[in-house]
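The structure under discussion appears below in the form of structure tokens.
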Amino acid sequence: MPSMNDALELRQPRTVEQLVAGQPTQDGAGVRLTRVLHGPMMQRRLDPFLMLDAFGSDRPDDYIAGFPDHPHRGFETVTYMVAGRMRHRDSAGHEGLLTNGGVQWMTAGRGVIHSELPEQEEGVMEGFQLWLNLPGRDKMCAPWYQDFPAEQIPVWRGPGLQVQVIAGRCGSGPGAVEGAMQREATAPLYLDIHLDAGARFEQPLPATHNAFVYVYRGELSIGERAVPVQRMALLANTPDSDGVRLQAGDAPTRALLIAGQPLGEPIAQYGPFVMNTEAELRQAFRDYQSGRLA
Ligand code: MN
């Protein structure tokens, strides 16, 4: 299929190192979700990303309980609501309603206590929450928060392609589109890519950045490897590689492409706290128990 995007013509696209199936689990007050990225091994391999949860259901029992008050320290959460309504309130005084196609970017920094509660009693709720690490020097920064309604998410378009550019830069050269968010230390790229059947998409990626693709509709291939729906394709960091090429199958396909610059720092996690050392974790827990976290 001809594509404007053909102009890019990657010399050495990345290959798939591993396909990963998410793990069904529950969190919050009993929300059913699929934990796609988790655990110390994946956190090291996909540094600076700490977690990716996918949620999607039309059964209110799966989501209605939401995530009542809970703390975070030491990283950022990026919530992308594909469909549904979720209200956020936090101890820093922020409040927002996240709706269809909207993104909430929260920097927990030294600490927030917040709730994330559905504002719907029926219908589909579908989306993703990504945890992005902060470098040690920023872990105790002031909390920060911004809502981006769908109309504030820049869109990159090509033949058979539409890309929501949540973070980083989509494409290259004069046609590139800057995303809603940029972060210096981790240089995150966060794209929601909609491909028509048979469409092809290419994105340049620095070879040293860790990257993965999560397919949530349809099916695509990366090189010779087919990536079915609800699978994460972890992309190899081949030294001379210059990007990734996605080829949609016979059906319309949607996938997240997420990449970032690794921090290369120790990761110490206890639940909703992610620091560099065990001592800092104990401090976070003491601060939370004594009401000094937020
Ligand atoms: Mn939370």
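The values are calculated or read from the model by the stated rules, or taken from the named source; none is laboratory data. Model, not experiment: these values are computed from the prediction. We place every Cβ from the backbone using ideal geometry, glycine too, and count neighbours over all the protein chains shown. Calculation scope for accessible area: heavy atoms of the full protein, side chains included, ligands and nucleic acids excluded. Shrake-Rupley method; radii C 1.70, N 1.55, O 1.52, S 1.80 Å.
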Positive dipole terminus of the chain, leading residue within His94, Phe212, Pro262 (C-beta point charges): Pro262
Net charge contributed by nearby residues that have their C-beta within less than 15 Å of Gln18 (K/R +1, D/E -1): +3
Most to least packed among 237-248, 213-224 [average Cβ atoms within 10 Å]: 213-224, 237-248
Length released on extending from Trp144 to Asp27, taking residue separation times 0.36 nm less the Cα-Cα span: 39.8 nm
The chain, relative contact order in percent, only Cα pairs under 8 angstrom and at least six apart counted: 21 percent
In segment 1-86, the GluC sites (Glu not before Pro) that fall in loop regions by DSSP, at most 15 other Cβ within 10 Å: Glu9
Inter-label distance for Glu224 and Ala236, nm, one decimal - labels placed 7 Å from Cα along Cα-to-Cβ: 1.0 nm
Length released on extending from Gln162 to Ile64, taking residue separation times 0.36 nm less the Cα-Cα span: 32.2 nm
Inter-part distance where segment 107-123 and segment 31-102 are each reduced to a Cα centre, Å: 8 Å
Label-point separation in nm, Thr277 to Gln182, each point 7 Å along Cα→Cβ: 3.4 nm
Virtual spin-label span in nm between Met41 and Asn100, 7 Å along Cα→Cβ: 4.1 nm
Accessible area of segment 4-289 divided out per residue, in Å², using a probe of 1.4 angstrom: 43 Å²
Under-5 Å amide H pairs with Gly109, H placed in peptide plane, nonlocal only: Gly74, Phe75
Highest to lowest packing among 45-52, 205-212, 139-146, 102-109, scored as the average C-beta count within 10 Å: 102-109, 45-52, 205-212, 139-146
Helix axis angle, 278-289 relative to the chain longest principal axis, alpha carbon, degrees: 60 degrees
Whole-percent carbon and sulfur share, accessible surface of segment 121-176, 1.4 Å: 49 percent
Cα centroid separation - segment 234-294 against segment 179-218, whole Å: 15 Å
Heavy-atom accessible surface of segment 178-294: percent carbon and sulfur, 1.4 Å: 49 percent
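Given only helices, namely DSSP H runs of n ≥ 4 each adding -39500 (n - 2.57), what is the per-residue ellipticity at 222 nm of the chain, to the nearest 500 deg cm²/dmol? Don't skip to the end; give the middle numbers.
Details: 2 runs with 19 residues, N = 294.
Computed mean residue ellipticity for the chain: -2000 deg cm²/dmol.
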